[in-house]
Amino acid sequence: MALKIPIGPQHPALKEPTNFSVELDGEEIVDAYVKPNYNHRGMERLAEEKTYPQVLVLYERICGICSQIHPQCFAQATEDALGIEVPERANYIRTIMCELERVHSHLLWAGVGAHELGFDTGLMYLWRDREAVMDILEMISGNRVNYKMNTIGGVRRDIDERKIPMLLEALDAYVPQVDLYANAFTKDPTLRARLEGSGILTRKEADELCVAGPTARASGRDVEVRRDDPYAAYEEVDFEVPVVDDGDIMARAVVRLLELYQSINILKQALKNIPEGPIQADIDEIPEGEGVGRIEAPRGEVIHYVRSDGSWYPERTKVRAPSYVNIPALIPMLIGDTVAEIPITVASIDPCWSCTARVAIVDTNKKTEKIMTFEEIRSHYG
Amino acid sequence: MDENQLIEDLEEELGRALLEHYIQRKRRVFIRINKDANRKMARLIKEKYNGFICVMTSVDAGDDLELVYHFAIEGEEGRQINLNVTVSTPKNIPEIKTITDIIPGSAYPEREAQDMVGLKIIGLPDPSRLFLADDWPEGVYPMRKY
């Protein structure tokens with residue numbers, strides 16, 4: 001019988017809890033299983049007890065990295081449900097915030113990826129440069145994370161015209177840095193040896209599992225909400241969608257690095273062309289209705305569904321974050337690889353979650369497996 | 001195809017199983033179908049409309065339980081149409097057939113619907129709990145309201 005190893009709740013790739021069990025034949029992974037049920041935060045249920053503006057505050061706290069994406073997506077769904085037209089200028093400000101978030105998230109990911117490979121110099125450089133974009137976010141919103149920029153029908157803060165030349169200058173300084181990292185990741189022989197040919201997700205598997213974001217686009221699955229279902233001001237900016245067919249970890253790194261150039265490009269266009277005008281729409285009444293918001297987050301598609309019954313409280317909201325579809329794709333990625341590749345493979349989808357299982361006790365001699373509940377652990381060890 | 005052509009095509013394909021439909025705005029279409037037509041719908045999404053599943057929302061709507069399938073399908077000019085398909089089933093017969101064998105990406109949303117409102121998804125390959133803890137009591141559903 002193959003050896004079964006439980007990995008997690010405290011995970012080697014990310015400081016967040018989930019449980020993987022991998023079955024090994026020697027060093028090769030022959031099967032893998034994911035259990036994401038450790039920590040369900042019950043936010044959708046909580047949202048039903050809150051008014052629309054309060055839900056924005058709650059959903060901003062779904063993720064510390066995507067704290068623009070989630071409230072904006074909820075706002076978009078609500079605006080559709082309630083029939084609200086968002087002013088042009090607010091749409092541009094949302095676009096700018098989304099792209100800044102992508103830049104900081106991709107740099108954060110590249111740093112985590114470098115760390116998983118034991119390349120901590122890369123981590124230090126990347127996270128140092130990430131600070132510059134955090135400063136830009138602070139300059140616009142007043143906060144490094146949890147920006148509180150969105151409101152139903154627009155944004156809460158305007159961008160001061162006097163700041164725009166400063167922001168453009170800060171963005172220009174990014175291009176040579178991204179060149180440096182693109183060069184390091186694609187040319188360094190050690191990194192190439194680790195990244196090329198491992199963690200492969202084929203196009204067919206990607207299509208079947210409906211994966212999203214850079215994970216999909218690195219396997220040749222060309223989906224991109226900014227282009228396919230434009231929101232905010234994305235219809236008015238030009239950008240390319242990088243797609244790579246290789247499906248390995250290197251492809252996922254390349255897609256994200258190429259996206260950094262596109263984000264800087266979009267940011268420059270949006271900052272230069274931002275129109276004058278109001279930043280919030282007037283809301284007269286709350287009708288019955290339903291709406292769907294779709295956003296391309298740094299990790300893939302975020303989708304929110306809102307159903308209104310005409311009261312101040314949403315009747316039902318639904319949140320789907322991109323790791324929801326990308327985590328099942330880890331199974332085909334892991335199978336066929338070796339144990340040493342688990343951390344970087346898991347990190348390569350840029351996972352972001354808050355869920356896992358209890359403790360798995362595996363007795364290889366008796367060939368049994370048992371999951372212990374919290375009560376059992378406490379009576380056993382307490 | 002555009003939104004109006006999609007509705008015409010759905011009327012032809014689903015016939016009387018298509019109960020309600022409306023186009024909310026560009027790229028947003030909402031329909032309500034008979035729950036027995038969900039597998040046919042999934043096959044249409046995969047084979048004819050070249051689409052995929054984004055997620056499903058399970059709703060406790062009083063006497064009924066509802067499941068909303070959020071699909072993204074190919075639209076015109078390289079854009080996508082977001083097609084939202086609602087099916088409902090009485091609470092005393094909370095059974096809906098799986099579409100996971102047609103679209104494998106539906107496995108997580110279907111398991112989540114089982115956890116959250118207690119829908120029974122018939123034919124799901126791995127019906128184990130997804131988000132609820134292993135020691136969560138049987139028969140208690142966090143998203144049930146009424």
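The values are calculated or read from the model by the stated rules, or taken from the named source; none is laboratory data. Given the structure is predicted, the values throughout are model-derived calculations rather than measurements. Here Cβ is always computed from backbone atoms with ideal geometry, including for glycine, and neighbour counts include all displayed protein chains.
Below are the figures for this structure:
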| read-out | value |
| --- | --- |
| In segment B:121-142, residue nearest to the other protein chains (Cβ to nearest Cβ) [restricted to those that are more than 26 Å from A:D207 (Cα to Cα) and acidic (D, E)] | B:D135 |
| Segment B:45-76, residues that are among the acidic types (D, E), touching a strand residue (DSSP E or B) at 6+ places or on another chain (Cβ under 8 Å) and more than 25 Å from B:E95 (Cβ to Cβ) | B:E74 |
| Qualifying residue in segment B:108-120 (condition: in contact with a helix residue (DSSP H, G or I) (Cβ under 9 Å, 6 or more places away or on another chain), more than 11 Å from chain A (Cβ to nearest Cβ) and free of Cβ contacts under 8 Å to residues at least 40 places away in the same chain) | yes |
| Which numbered condition B:I99 misses (of (1) under 22 Å from B:L10 (Cβ atoms); (2) out of contact with any His (no Cβ under 6 Å at 6 or more places or on another chain); (3) outside any loop (DSSP other than H, G, I, E, B); (4) aliphatic (A, V, I, L, M)) | (3) |
| Count of segment A:74-131 residues which are away from every other protein chain (no Cβ under 14 Å), part of a helix (DSSP H, G or I) and aromatic (F, W, Y) | 4 |
| Lone qualifier among B:E77, B:E66, B:E47 - being under 11 Å from the mean Cα position of the chain (by Cα) and over 17 Å from B:I7 (Cβ atoms) | B:E66 |
| All positions within segment B:56-91 that are away from every other protein chain (no Cβ under 12 Å) and among the acidic types (D, E) | B:D63, B:D64 |
| A:Y305 being of a type in the set (F, W, Y), at pLDDT 90 or above and either in the same structural domain as A:A90 (by TED's automatic domain parsing) or loosely packed, with under 14 Cβ neighbours inside 10 Å (or both) | yes |
| The listed residue being touching a helix residue (DSSP H, G or I) at 6+ places or on another chain (Cβ under 6 Å) and surrounded by 19 or more Cβ atoms within 10 Å (Cβ to Cβ), out of B:V87, B:V68 | B:V87 |
| Selection from segment B:41-63 of residues that are more than 22 Å from A:V302 (Cα to Cα) and surrounded by fewer than 16 Cβ atoms within 10 Å (Cβ to Cβ) | B:R43, B:E47, B:K48, B:G62, B:D63 |
| Filter result for the condition that a residue is more than 11 Å from chain B (Cβ to nearest Cβ) and surrounded by fewer than 21 Cβ atoms within 10 Å (Cβ to Cβ), over A:P328, A:P275, A:P314, A:P298 | A:P275 |
| Residue in segment A:139-178 that is farthest from A:L108 (Cα to Cα), counting only those that are hydroxyl-bearing (S, T, Y) and not in a loop (DSSP other than H, G, I, E, B) | A:T151 |
